[in-house]
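One structure below.
The values are calculated or read from the model by the stated rules, or taken from the named source; none is laboratory data. Predicted model, so just to flag it, every value in this text is computed and none were measured. Positions of Cβ are generated from backbone atoms using ideal geometry, with glycine treated the same way; all protein chains shown enter the neighbour counts. For accessibility, only protein heavy atoms count, side chains too; no ligands or nucleic acids. Shrake-Rupley method; radii C 1.70, N 1.55, O 1.52, S 1.80 Å.
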Amino acid sequence: MIVGITLFQSALVAPAINKLINVEDASVFLRYIWPKFFIIIAIISLASFIILIINSNQNLFKYISFISFVLMLVCYLITPMINEAKDSLNDQLWTVLHLLTIILTFITLIINTLTIIYWKSSS
């Protein structure tokens, strides 16, 4: 689920919005949708972690779920700072924080993709 949501949001939704909607409206919509994206993945990751704690002895996947939760929580928590940096025209801070969310989201995508690839072989 996490891989699918991430690919859909990052590869289809965000680029389409930036191409199809004017900058002002796109900004409003993206500020609405991205925090929800981060929190949904954080909740799925936390649920996965809890289920693995209860039902599995596969520690690697427990760690991956927990790391995924933490990374998305960080993205969610810094989103207001990103918005504030943009509003105050602090482009340098905005760039750093925005890049951080991209990197953390990419790491989340990679580790969850690895979970899909290696889950069967380790079961």
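Numbers at a glance
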{"quantity": "Count of segment 28-67 residues which are charged (D, E, K, R) and without any contact (Cβ under 8 Å) to a residue 12 or more places away in the chain", "calculated": "1"}
{"quantity": "Enumeration of residues in segment 78-113 that are among the small types (Gly, Ala, Ser) and either closer than 28 Å to residue 59 by Cβ or open to solvent by 30 Å² or more (accessible area, probe 1.4 Å) (or both)", "calculated": "88"}
{"quantity": "Count of residues meeting criterion [charged (D, E, K, R), surrounded by fewer than 14 Cβ atoms within 10 Å (Cβ to Cβ) and under 18 Å from residue 74 (Cα atoms)] in segment 9-37", "calculated": "1"}
{"quantity": "Residues of segment 64-77 classified as among the small types (Gly, Ala, Ser) and either surrounded by fewer than 20 Cβ atoms within 10 Å (Cβ to Cβ) or within 19 Å of residue 8 (Cα to Cα) (or both), total", "calculated": "1"}
